[in-house]
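Derivation of every value follows stated rules applied to the coordinates shown; laboratory data play no part. Model, not experiment: these values are computed from the prediction. Note: ideal-geometry Cβ built from the backbone for every residue, glycine included; neighbour counts use all protein chains shown.
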């Protein structure tokens, strides 16, 4: 009977977690791991659906891991874990980002994110065993390294940043202004943060990860415009401009625009042909673009500004700009005389 | 985390967080799947290359992959105890493993499952002792 009840609970858990794993291009797996023996079994279901656990929950409980795999590159991501046991509290960890992309959560190094942690089923009587009275929340950070993408990441090298205890049922939200992944240049760090809830060990049960969730952190983009100098006077054709783009956010639209006048934020100008770069990737990108033959968008003389902009889920950022003077007018001084 | 009472308890051991390293690959004809390590009980030498992921292959669930590859994959239903290594595989299953020219995958109610080495009776035939080596190393 106990096993039956636990199976029903698992069904609900699976339904909840699968809701976040439906993006095309990912293959999802649910793996059940028996804590007592280490036996692993795939309980994979469709991206939408509900199914009871195949294996009965073991004597020391079972851990259910929701994985998604991208291909190519062949990389696995642990989206969620749930521990099901007889006396272990239930916990749910949900991370919120300004970027709605899924199933792998992500944000940028300069952006805030928050974590909801909900715990239920805790006991508080003196006679209750320790694993039923409180759980530990652990926050891990791990850098991907310079230009890292997280492929083949060894999570055993993650750094435990903080840990805290929860002794009462309830929900709480932890808000972070930005990531704590270490790095010399905080705007350029890339890596991931993981929040895990663990039960306690006692004579009968070992430490178990009850719930876990992670978020990827990607660096802030930068870029440069080369080929035009500040204040340059353009007399004839526009010069070739080289656009260098570094660490473009995985889902972003980057373009170059020109408008009359001095540099000014928030201005919508004319997009330079051949400069639009739309990304829908899993990792940041670096590119170099060459712009030439774009004279037609500069339809009048005077002071112009060329801007390099990137549009991300966090808004529009100006990566570079340069102002120049355009004067293509040719004055012909002539004198016509007759001899009579 | 700052609003939670800090704990000085010993942090729990970190868990492996890579499904690929905990799985065996089956790949053929441009499609592939993953099964838990030690779920492949027999991999004939003539099909050894089907345990490696071929770049460009489409990854799919076990059920979908098996349905398309029944010609060279067969399954053996094992019990919970056999998977945990507390009971040996049935003699009939051991015979099948010796004679099979197909890849043999252990399943529990149709789902691929890892089969651990027997613990109860060391003299019993090892479930992961196929006539030809499987891709999993114990």
#### Entry: Per-residue mean of C-beta atoms belonging to partner chains within 10 Å, peptide A:223-235
0
### Query
How do A:70, B:54 line up, fewest other C-beta atoms within 10 Å first?
B:54, A:70
### Query
Between the stretch A:168-207 and the stretch A:265-340, what's the alpha-carbon centroid distance in Å?
45 Å
### Query
Can you give the calculated 222 nm mean residue ellipticity of chain A, where each DSSP H run of n ≥ 4 adds -39,500 (n - 2.57) and the sum is split over every residue, rounded to the nearest 500 deg cm²/dmol?
-1500 deg cm²/dmol
### Query
If the viscosity is 0.890 mPa s and the temperature 25 °C, what translational diffusion coefficient in µm²/s does Stokes-Einstein give for the protein assembly as shown when Rh comes from Kirkwood over Cα pairs?
95 µm²/s
### Summary
Hull volume per residue for the stretch B:23-112, using the convex hull of the C-alpha atoms, in Å³ is 89 Å³
#### Entry: Mean projection area, nm², convex hull over Cα of the stretch A:2-218
12.2 nm²
### Query
How big is D, in µm² s⁻¹, for the stretch A:222-326 by Stokes-Einstein at 4 °C and 1.567 mPa s if Rh is the Kirkwood radius over C-alpha pairs?
93 µm²/s
### Task
May I ask you to sort A:60, B:77 by Cβ crowding, counting other Cβ atoms within 10 Å and putting the fewest first?
B:77, A:60
### Query
If we count other beta carbons within 10 Å of each Cβ, what is the order of A:69, A:339, fewest first?
A:339, A:69
